[in-house]
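The values are calculated or read from the model by the stated rules, or taken from the named source; none is laboratory data. Bear in mind the structure is a predicted one, so any value in this text is a computation, not a measurement. Here the Cβ positions follow ideal geometry from the backbone for every residue, glycine too, while neighbour counts run over all protein chains shown. Just the protein is used for accessible areas: all its heavy atoms, side chains included, with ligands, DNA and RNA removed. Shrake-Rupley method; radii C 1.70, N 1.55, O 1.52, S 1.80 Å.
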Amino acid sequence: MERREIAAVLAYIGRLDPRTIRTDRGEARDQIDQWHELLGDVPLATDHGWDVRAAIREHVLDSPYPILPVDVARRWRTYRRDRLARHTDPTPAADPDDPETWRSELLGTRHAVATGTVAPMTHRQITSGPGPELEARLAAIGSCIPPAVRAQLAPFRPTRAAREAAVAEGRPDPLSVRCQWCLADAGESCRSRRVDLDDAARGNARRDKPHPTRYDLAAAALTRQEIAA
């Protein structure tokens, strides 16, 4: 920031915190000199998230002490470190056989990112999602198990196949709710409970089909979801 920008910043601070106002001309000049010495390389604002006025407001709101130039300088250093941490160096366009030009372009890009002139450059795979060829495959598969493989596995996991068929046809999924008859939790198959005359359990075999009351509970839950939507 230039001296006139420093003066404008100090006037802005004075409106937010009158304790920082200097009425004596000599003290005001010394204050401007001190702030310019520490913040001469700090911009007033950038196009990518930095604004010294926002840093000042945050300090006034968070701290009971008058703001000092080092408080602004530390926030600026934190901003620079955060941007560089999110930056991935792109391959320079310079000839790699010319190390001086290569290094100069690389450092120039880092400096532009650190000072807020340009946005950090990240890996395309992280920010842009999968490529067109992978998106086409995911659209065709729909899940981690391709449809052809899912059909071959259906005879070996009939419960899962029945649930998927019910959802595909818009019918309620009985295993999406807890069974009140055998107390099987949601997602678990029902059990055939057999008890003695003294209510002692004699069997707990897994059922191929859920209890009828579980269908009613699932239908009621589906109806509630449709009403809420």
For this session: Output yes when any residue across region 44-66 is out of contact with any strand residue (DSSP E or B) (no Cβ under 9 Å at 6 or more places or on another chain), closer than 29 Å to ARG110 by Cβ, touching a residue at least 60 places away in the same chain (Cβ under 8 Å) and surrounded by 17 or more Cβ atoms within 10 Å (Cβ to Cβ), and no when none is.
Result: yes
Exercise. Going through region 1-33 one residue at a time, which ones are in a helix (DSSP H, G or I) and either in contact with a strand residue (DSSP E or B) (Cβ under 8 Å, 6 or more places away or on another chain) or of a type in the set (A, V, I, L, M) (or both)?
Worked result: ILE6, ALA7, ALA8, VAL9, LEU10, ALA11, ILE13, LEU16, ALA28, ILE32
Exercise. Within region 6-23, is even one residue at pLDDT below 90 and either open to solvent by 40 Å² or more (accessible area, probe 1.4 Å) or closer than 27 Å to VAL113 by Cα (or both)?
Worked result: yes
Problem set entry | Checklist (1) open to solvent by 50 Å² or more (accessible area, probe 1.4 Å); (2) without any contact (Cβ under 8 Å) to a residue 12 or more places away in the chain; (3) over 25 Å from the mean Cα position of the chain (by Cα) applied to ALA94, failing item | (1)
Problem set entry | Residue list for region 158-192, restricted to those being open to solvent by 70 Å² or more (accessible area, probe 1.4 Å) and in a loop (DSSP other than H, G, I, E, B) | GLU169, ARG171, ARG178, GLN180, TRP181, LEU183, ASP185, GLU188
Problem set entry | Residues that are assigned to a loop (DSSP other than H, G, I, E, B) and closer than 17 Å to PRO120 by Cβ, drawn from region 86-105 | ARG86, HIS87, THR88, ASP89, PRO90, THR91, PRO92
Exercise. Could you list, in sequence order, the residues of region 67-91 that are under 23 Å from the mean Cα position of the chain (by Cα) and open to solvent by less than 40 Å² (accessible area, probe 1.4 Å)?
Worked result: TYR79, ARG83, HIS87
Exercise. Given GLY108, GLY129, GLY116, which one is more than 30 Å from ALA11 (Cα to Cα), modelled with pLDDT under 85 and open to solvent by less than 50 Å² (accessible area, probe 1.4 Å)?
Worked result: GLY129
Problem set entry | Any hit, region 140-157, residues being under 30 Å from ARG191 (Cα atoms), at pLDDT below 85 and of a type in the set (Lys, Arg) | yes
